[in-house]
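The values are calculated or read from the model by the stated rules, or taken from the named source; none is laboratory data. Small disclaimer: the values here were computed from a predicted structure and weren't measured. Quick reminder, even Gly has a Cβ in these numbers, built from the backbone with ideal geometry, and neighbours come from all protein chains shown.
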There are 2 protein chains.
Amino acid sequence: MLGMIWVRACSALVGFRAPTCVRSLHSFPGITVAQIDEEVAKLLELKAQLGDDGKTQFVLKTPKGTRDYNPKQMAIREKVFNTIIRCFKRHGAETIDTPVFELKETLTGKYGEDSKLIYDLKDQGGELLSLRYDLTVPFARYLAMNKITNIKRYHIAKVYRRDNPAMTRGRYREFYQCDFDIAGQYDAMIPDAECLKIVHEILNELDLGDFRIKVNDRRILDGMFAVCGVPDDKFRTICSTVDKLDKMSWEDVKKEMVNEKGLSEEAADQIGEYVSMQGGMDLAERLLQDHKMSQSKQACAGLSDIKLLFKYLQLFHVTDKVVFDLSLARGLDYYTGVIYEAVLTQASAVSAANEAQNGANAEESVSVGSVAGGGRYDGLVGMFDPKGRRVPCVGVSIGIERIFSIMEQKAEASPEKVRTTEVQIMVASAQKNLLEERLQLISELWNAGIKVGVWQGGVRTDQGGDTVNNPTLRVWVPCVSTRGSSVAALSGL
Amino acid sequence: MLGMIWVRACSALVGFRAPTCVRSLHSFPGITVAQIDEEVAKLLELKAQLGDDGKTQFVLKTPKGTRDYNPKQMAIREKVFNTIIRCFKRHGAETIDTPVFELKETLTGKYGEDSKLIYDLKDQGGELLSLRYDLTVPFARYLAMNKITNIKRYHIAKVYRRDNPAMTRGRYREFYQCDFDIAGQYDAMIPDAECLKIVHEILNELDLGDFRIKVNDRRILDGMFAVCGVPDDKFRTICSTVDKLDKMSWEDVKKEMVNEKGLSEEAADQIGEYVSMQGGMDLAERLLQDHKMSQSKQACAGLSDIKLLFKYLQLFHVTDKVVFDLSLARGLDYYTGVIYEAVLTQASAVSAANEAQNGANAEESVSVGSVAGGGRYDGLVGMFDPKGRRVPCVGVSIGIERIFSIMEQKAEASPEKVRTTEVQIMVASAQKNLLEERLQLISELWNAGIKVGVWQGGVRTDQGGDTVNNPTLRVWVPCVSTRGSSVAALSGL
C-alpha cells in the first residue's frame with residue numbers, strides 16, 4: 001500500500017517537473033502556486049505514511065518550550081500581573097487585546113533575522129496565518145487599521161517564538177509579554193522617559209534585587225557604523241551581530257563581523273572601541289565632541305536626545321539605575337530611536353545555583369538577567385498605512401517569565417505557604433449522613449457571597465494547601481439543620 | 001534571479017528523486033522523513049518566490065473570524081470576567097493555565113466529527129502541534145500528566161475552531177471559554193449539581209434576562225438509540241445529528257438520519273417521539289416506567305441519576321430554570337453521563353434586531369442563545385493515562401463571546417459612559433512652559449500611587465472617554481512649583 005502511494009506520488013512529481021524545468025530555463029511562470037501546493041500535499045502525505053510505519057509511543061507532555069502553570073504558579077503569576085497592571089493604570093493607560101495569530105503578511109519584514117523563529121499555521125485552505133511574535137507589530141497594525149494617532153495602552157498576552165528554549169532560565173517558546181506603549185506626537189523624549197520610569201517602578205515594586213537599565217539609540221548606532229566605515233547596506237546585519245554582545249565575547253562578535261558578514265578588520269576594531277563605552281549624560285556630551293562621531297548628523301541627533309532623556313530621568317529621580325551603553329543594539333528591525341533593556345544584576349546568583357542543579361552549562365548564564373526591553377519605532381505604523389502615514393511610538397515590554405522564575409524560587413524558600421484558593425469557610429461532615437443539610441447550608445453560604453470549601457467523605461474539594469493553617473478560616477460541621485440563624489451570623493464575616 | 005533559483009531547486013529535486021523512485025518500487029525505506037522535509041521546504045521556497053510575482057494588495061485586517069478588543073470592549077470584558085471568577089472562587093476553585101497549542105496527538109480522537117475544525121500548526125521541523133479546541137482536553141491531559149485525581153479548577157482562556165464564523169452573533173474562530181471542572185470520586189450527582197448551580201449563579205448575576213438550562217444524559221441517549229433500533233456503531237454519528245435539533249427542524253434532522261446516515265425510517269420516527277419530550281423529575285420517573293426505555297439498563301441508570309440531580313437542584317433552589325430535555329445531545333465525543341446547555345430565552349429579541357441591521361438571515365437566529373454547556377466525561381483522563389486509570393470529571397464551560405455582545409449592546413444603549421482608564425487626576429498646562437514642574441509633579445503623584453492623566457499641548461494621553469464627566473476626577477494646572485504641599489494633600493484621596 002505504502003509502495004503504491006509512493007509510486008503514484010513520484011510519477012506525478014516527475015511527470016510535471018521534467019518539462020517545467022526545461023521551460024523555466026527561459027520563462028519562469030510555467031509553474032503555478034496551486035501546482036506547488038499539490039506537490040507539497042503529496043510529499044506530506046508520504047511523510048505521514050512514513051511516520052505511521054515507525055509509529056512511536058504517544059508521549060504525555062506539553063509541546064517543546066512550553067509548560068503548564070499549576071495553581072501555585074498561577075497564584076504567583078497573578079500577584080506579578082497585579083503589580084504590573086497597577087503601574088500601567090497609574091500611568092493612565094487603557095488596554096486592548098488582539099488575536100493570537102495574524103495574517104502572515106502582517107508579520108513579514110518586521111523582525112529581520114528573527115523572522116525564522118515565527119510559528120506559521122498550516123495552510124488548511126483560506127488565509128495564511130502566523131502566531132504573533134510580539135505585541136508591538138499587532139499594536140501597530142491595530143493603530144493603522146483603526147486610524148488611531150494617539151493612545152497610551154497596555155497589553156498583556158502570550159507571544160510565540162520557535163527559539164531554543166532554556167526553561168530553567170525562564171526562556172520559553174510560549175511566554176507572556178506585558179507591553180506598555182505611547183503612540184502620538186509629543187515633545188521629544190517625554191514619553192520615552194515615561195517608559196523608563198515605568199520599568200523603574202515595576203522592578204522596584206517587584207523587589208527582585210538590584211537592576212540596571214541600559215539605554216542607547218539606533219541613530220547613534222547607525223551613525224557609529226557610518227563613521228567606522230560600515231557600508232550602508234550592512235547596518236542592520238552588523239547591528240544584529242552587535243546585539244549578541246550580551247551573549248558572546250567581543251572576540252567572537254568581531255569574528256562574526258569579519259568572517260561571516262565581510263566587514264573589514266579596521267571597521268570592526270573601531271566599532272569595538274565605541275561599544276565598550278558606558279556612562280551617563282556626560283558620555284553623551286563627550287561623544288558629541290568626538291571628532292569622528294560628530295561627523296554623523298544622525299549620531300548627533302541621537303546623542304542630543306540621550307542628553308534630554310537623562311535630564312527628564314533626573315526629574316523622575318531614576319538616573320541611579322540608568323546607563324548609556326553603546327553596546328546595546330536590540331535585535332528587532334523596527335526600532336528607529338531610543339532603545340533600552342533592563343537587566344537584573346543580583347538575580348544571577350540564584351539562577352546560577354539553579355542551573356548548576358539542572359546541569360545547564362555555565363556559559364549560558366551570562367545573558368540571564370534581561371527582564372524588560374523596548375524603544376522607539378516611529379516607522380512601524382506607517383508600514384501598515386496605505387498612505388504611509390506615520391504615528392510615532394515608543395514602548396516597553398516586560399518579559400515576565402524570568403520574573404516568575406525568581407518569584408517562584410522565593411516562594412519555595414519562604415516558610416509562608418502560597419494560597420491557591422480564597423476559601424473562607426470549610427463545611428465538613430463527621431459522618432455520611434446529613435447530606436441534605438450540608439448542601440442547603442453550602443448553597444446559602446454561596447448565595448451570601450461566601451467562599452466555601454467542602455470536606456466530603458475524606459475528600460477535600462479545596463486543594464488550597466494551607467487551609468488548615470489559615471487563621472481566618474472557619475470549619476463548619478452541621479449537626480442539625482440550623483440554617484436560618486447560622487447563615488445570618490456567617491454573612492457578617 | 002528567480003530563474004536561477006528555480007533551476008537550482010529543480011536539479012536538486014530531480015537529482016535525488018529519480019533513483020529513489022526506482023528503488024522504492026521494491027523497498028520502501030529508501031526515503032526518509034528528513035528528505036521529504038527538505039523537498040517540502042524547497043517547494044515552499046519556490047512558492048514564496050512565485051507569490052512575490054503575482055503580488056496581491058496587502059489587506060489590513062485581522063484573520064477571518066477573529067477581532068481586536070478596543071479599550072471599551074476590554075472594560076466590559078473585564079467586568080464579565082470578574083463576575084465569573086468571583087463565582088468560581090466562591091466555589092473554592094483553584095486556577096491553572098496550559099499552552100495555547102498541544103501536541104497534535106493529544107487532540108486526536110477526542111472531538112468526533114468536529115475534529116476537522118482543529119487548527120494545525122505548520123510542520124516547521126519538530127513536533128506536530130495544534131491549537132487547543134477547548135479547555136477540557138488540555139485539562140484531562142494535565143491531570144493524567146501530573147497524576148492528579150482530585151481537583152476543582154477553573155481556567156479562562158481562548159480556544160480555536162475553524163468554524164464558519166457568525167460574528168454578529170458572537171460566534172468567532174478565536175473565542176474565550178471560562179471553564180469550571182470538578183475531578184475526583186464523589187457521591188453521584190453532587191459535583192454535577194454544583195456545576196448547574198454555578199451556571200445559575202453566573203447567568204443571574206450577569207443579568208442577561210431569562211434563561212433555561214437544558215439537561216440530559218448520554219446514557220439516556222444511548223439507551224434510547226438502542227431501544228429505537230439504532231445499530232451500536234451508529235450511536236455517535238446519530239447523536240451528532242440529534243445535536244443539530246437546535247439549528248435544524250426535525251424534518252431535516254430525520255432526513256439526515258435516514259438519507260445520509262442510513263437509519264431506518266421507523267427507528268428515526270421512534271427517536272423523533274422521544275426527542276420531543278421535555279420536563280422535570282416527573283419526566284424521568286415516567287420514562288423509568290416506559291415499556292421501551294426501561295429495557296435499557298443504561299437508560300435506567302441515566303434516568304435515576306437525573307432524578308437524583310433534580311433532588312439536589314431543589315435543595316439549591318435552581319429547578320425553576322432547569323429542564324430535562326431529551327433532544328439535548330451535545331456534539332463532543334467525550335461525554336459519558338449528564339450533559340447540559342444553558343440558553344438565553346430573552347436575548348433573542350436584541351440579537352434579532354441586531355441581525356436585521358447587519359443583514360444576516362433570519363433562520364440563523366434560532367440557536368443564538370446558547371451561552372454555557374458541559375457535562376460528565378469519566379473516560380477522558382483515562383485516555384491519556386498509560387495504565388488507563390480513570391478520573392471521573394464533570395464540568396461546565398461559559399461561552400462568553402455571546403455574553404460580551406449582549407453586554408456591549410447594553411452599554412451602547414445606556415447613557416452611562418464606559419470608563420477605559422482609572423485616572424484620578426489630570427495634570428494640565430495652560431501654556432508650553434513649566435514642563436519641568438509638570439514632570440516633577442506627575443512623578444510624585446505616580447510615586448504616591450495616584451493614577452494620573454496628562455494634557456500636553458492639546459494632546460490628552462488619557463483616552464478614557466468620560467474623564468470630563470467623572471465627578472471624582474480633579475484637574476491640576478501647576479502654575480508654580482507647589483509640589484511639597486500639593487502632593488501631601490493629594491495622597492489622601
If we keep only residues of the range B:398-418 that are within 30 Å of B:ASP134 (Cβ to Cβ) and of a type in the set (S, T, N, Q), then the residue surrounded by the most Cβ atoms within 10 Å (Cβ to Cβ) is B:SER405
Checking the structure you have, find out if any residue of the range A:156-178 is assigned by TED's automatic domain parsing to the domain that holds A:PHE384, farther than 29 Å from B:GLY126 by Cα and crowded, with 21+ Cβ neighbours inside 10 Å.
no
Of the residues in the range A:179-216 that are aromatic (Phe, Trp, Tyr) and not in a loop (DSSP other than H, G, I, E, B), the one that is surrounded by the fewest Cβ atoms within 10 Å (Cβ to Cβ) is A:PHE211
I'd like the full set of residues that are closer than 24 Å to B:PHE101 by Cα and hydrophobic (A, V, I, L, M, F, W, C), limited to the range A:124-148.
A:LEU128, A:LEU129, A:LEU131, A:LEU135, A:VAL137, A:PHE139
Being at pLDDT 70 or above and within 30 Å of A:LEU117 (Cα to Cα) narrows A:LEU44, A:LEU50 down to just A:LEU44
Go through the range B:52-63 and report how many residues are surrounded by fewer than 19 Cβ atoms within 10 Å (Cβ to Cβ) and under 30 Å from B:SER414 (Cα atoms).
1
Based on this model, can you work out whether A:ARG402 counts as within 30 Å of the chain's Cα centre (by Cα), more than 9 Å from chain B (Cβ to nearest Cβ) and at pLDDT 90 or above?
no
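Listed here are the residues, each with its yes/no results for (1) assigned by TED's automatic domain parsing to the domain that holds B:PHE175; (2) surrounded by fewer than 18 Cβ atoms within 10 Å (Cβ to Cβ).
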site: B:GLY375; (1), (2): yes, no
site: B:GLY388; (1), (2): yes, yes
site: B:VAL396; (1), (2): yes, no
site: B:THR420; (1), (2): no, no
site: B:LEU435; (1), (2): no, yes
site: B:LEU445; (1), (2): no, no
site: B:ALA448; (1), (2): no, yes
If the requirement is being at the interface with another protein chain (Cβ under 9 Å from one of its Cβ atoms) and more than 18 Å from B:TYR312 (Cα to Cα), which of these qualifies: A:GLU436, A:GLU416, A:GLU422?
A:GLU422
Taking A:GLN177 as the residue in question, decide whether it is in contact (Cβ under 8 Å) with a residue 24 or more places away in the chain, out of contact with any Asp or Glu (no Cβ under 7 Å at 6 or more places or on another chain) and polar (S, T, N, Q).
no
Determine if the range A:128-142 includes at least one residue that is over 22 Å from A:ASP333 (Cα atoms), in contact with a helix residue (DSSP H, G or I) (Cβ under 6 Å, 6 or more places away or on another chain) and within 11 Å of chain B (Cβ to nearest Cβ).
yes
On the given criteria, is A:LEU131 touching a Ser or Thr at 6+ places or on another chain (Cβ under 7 Å), buried (at least 22 other Cβ atoms within 10 Å of the Cβ) and more than 30 Å from B:ASN433 (Cα to Cα)?
no
How do the pairs read when you match residues in the range B:429-445 that are at positive phi and without any contact (Cβ under 8 Å) to a residue 24 or more places away in the chain with residues anywhere that are small (Gly, Ala, Ser) and surrounded by fewer than 16 Cβ atoms within 10 Å (Cβ to Cβ), using Cβ under 8 Å and keeping only pairs 6 or more apart or on different chains?
none
With the requirement that a residue be hydroxyl-bearing (Ser, Thr, Tyr) and in contact with a Lys or Arg (Cβ under 8 Å, 6 or more places away or on another chain), what does the range A:245-261 give you?
none
Does the range A:51-70 contain any residue that is of a type in the set (A, V, I, L, M), over 22 Å from B:ASP97 (Cα atoms) and either over 17 Å from the mean Cα position of the chain (by Cα) or not assigned by TED's automatic domain parsing to the domain that holds A:GLY373 (or both)?
no
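Could you go through the range A:90-97 and let me know if any residue there is under 29 Å from B:ILE118 (Cβ atoms), small (Gly, Ala, Ser) and crowded, with 20+ Cβ neighbours inside 10 Å.
Checking the range A:90-97: not a single residue is under 29 Å from B:ILE118 (Cβ atoms), small (Gly, Ala, Ser) and crowded, with 20+ Cβ neighbours inside 10 Å.
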Does B:GLU266 count as acidic (Asp, Glu) and closer than 22 Å to B:SER294 by Cα?
yes
Pairs under 6 Å by beta carbon, first residue within 13 Å of A:VAL227 (Cα to Cα) in the range A:264-289, partner basic (Lys, Arg) and assigned to a helix (DSSP H, G or I), six or more apart or different chains?
A:ALA268/A:LYS254
Taking the range A:284-303 as the search range and keeping residues that are more than 15 Å from A:ILE271 (Cβ to Cβ) and of a type in the set (A, V, I, L, M, F, W, C), which one is surrounded by the most Cβ atoms within 10 Å (Cβ to Cβ)?
A:LEU303
